[in-house]
1. Quick one: is residue 66 within 28 Å of residue 112 (Cβ to Cβ) and surrounded by 24 or more Cβ atoms within 10 Å (Cβ to Cβ)?
2. Can you pull out the residues in the range 143-164 that are within 30 Å of residue 181 (Cβ to Cβ) and in contact with a strand residue (DSSP E or B) (Cβ under 9 Å, 6 or more places away or on another chain)?
3. Residue under question is residue 15, and the condition is that it be outside any loop (DSSP other than H, G, I, E, B), under 23 Å from the mean Cα position of the chain (by Cα), surrounded by fewer than 24 Cβ atoms within 10 Å (Cβ to Cβ) and within 15 Å of the ligand (Cβ to nearest atom); does it hold?
4. Checking residue 357 against (1) free of Cβ contacts under 8 Å to residues at least 60 places away in the same chain; (2) within 16 Å of the ligand (Cβ to nearest atom); (3) not assigned by TED's automatic domain parsing to the domain that holds residue 187, which single condition isn't satisfied?
5. Looking at residue 205, is it in contact (Cβ under 8 Å) with a residue 12 or more places away in the chain, in a strand (DSSP E or B) and under 14 Å from the mean Cα position of the chain (by Cα)?
6. What number of residues within the range 251-273 are within 22 Å of the chain's Cα centre (by Cα) and at positive phi?
7. Mind checking whether some residue in the range 300-319 is closer than 30 Å to residue 44 by Cα, surrounded by 15 or more Cβ atoms within 10 Å (Cβ to Cβ) and touching a strand residue (DSSP E or B) at 6+ places or on another chain (Cβ under 8 Å)?
8. Please determine whether any residue of the range 83-98 is part of a loop (DSSP other than H, G, I, E, B), farther than 19 Å from residue 175 by Cβ and touching a strand residue (DSSP E or B) at 6+ places or on another chain (Cβ under 7 Å).
Ligand SMILES: NC(=O)c1ccc[n+]([C@@H]2O[C@H](COP(=O)([O-])OP(=O)(O)OC[C@H]3O[C@@H](n4cnc5c(N)ncnc54)[C@H](O)[C@@H]3O)[C@@H](O)[C@H]2O)c1
């Protein structure tokens, strides 16, 4: 690490591997952290990489293996496609780099375990994120539930309806074997939220998944019943088929805390009809999502509202909790009250903070490799349950810690 302003504040030098949708979204948080410095990036594609170098004057690499050799990098945020996570994370960890790994962390529990053990062996941190339980509304719900002020948690739901399936995708995103489909890509957020609020220990899962569009043959929907060790039930429902959007139930507020454009009904599906073939679609995704593209998001202004990852509803013995437009609403026995929440820290700001605190202050990350593995176990159990039409029992769950 480079020297900072004091002993407690060394500079952590971060690199980004994969300058696509996720890689670009992390940038504002990296710039915002006072002791984090962006020093390098890697991508197989030259165009976003060169654009990135022009903007930030950092080292650039076409291969993640070469990035991992850089002596100007302490930590790497791995935002390459899911099926490459294990290969890329192992390279980084074995070079003694701390890693923030995008979700889902891997496609098998064995791969997840290999990464966890490698991080332990090399004495480096492994954080899995961004996922939506880093966000303030979910953290605030968890605090209220875990405080016990409303009595025991009795049930928990996260329901989310979006246009995920019809936004421009590359082939891997529509192939379950490569980590595509909503169960791997979006379920990993839902199960993370549910586990974080509910304490982490899911006992079993029963689920059905839906593949409703033969042109896009991967899970586009799921209905999941989860049961915690103490018997608390939870449900996770997702549809990515661009019809009803949950923002209609969440005050019009979307995933980044922005107002969703609900007037443009069916826009994602209609946009795809104008494209001819998989390659045209993948090129459009590259042109829009990669660094420098039309959709690569780098806005750093605070969002007008806290983010909504669909509708999350927690019911305790003496009250229900859900998000309001600007915080939480608690529905108690005799009255309901609002708790405002600030929008000055995004979920990605919290990821960067968690990494920094883990590396510099040795604070064990809440979203550790084992936490990410437990989320992955739920994803895999959902797919298995749907295929076998059976309840699946879990054995790699861990409890939350503060
Ligand atoms: N946390 C979130 O909210 C969030 C949002 C989007 C994506 N993701 C996750 O991030 C990961 C990437 O998804 P995405 O949507 O950003 O994908 P993407 O296709 O937009 O970006 C991936 C980038 O990686 C690059 N790449 C591909 N192979 C590479 C290689 N071998 N070496 C170096 N670079 C390579 C691509 O050129 C591309 O720029 C996935 O695991 C996904 O689940 C998370």
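1. no
2. Correct list: 145, 153, 155, 156, 157, 158, 159, 160, 161, 162, 164.
3. Judged against the criteria, residue 15 is not a match.
4. All conditions are met except number (2).
5. Criteria not met by residue 205.
6. The total comes to 2.
7. no
8. Yes, because at least one residue in the range 83-98 is part of a loop (DSSP other than H, G, I, E, B), farther than 19 Å from residue 175 by Cβ and touching a strand residue (DSSP E or B) at 6+ places or on another chain (Cβ under 7 Å).
The values are calculated or read from the model by the stated rules, or taken from the named source; none is laboratory data. Owing to the predicted nature of the structure, the values given are computational and were not obtained by experimental measurement. A quick note on method: Cβ atoms are made from the backbone with ideal geometry, for glycine too, and the neighbour counts reach across all protein chains shown.
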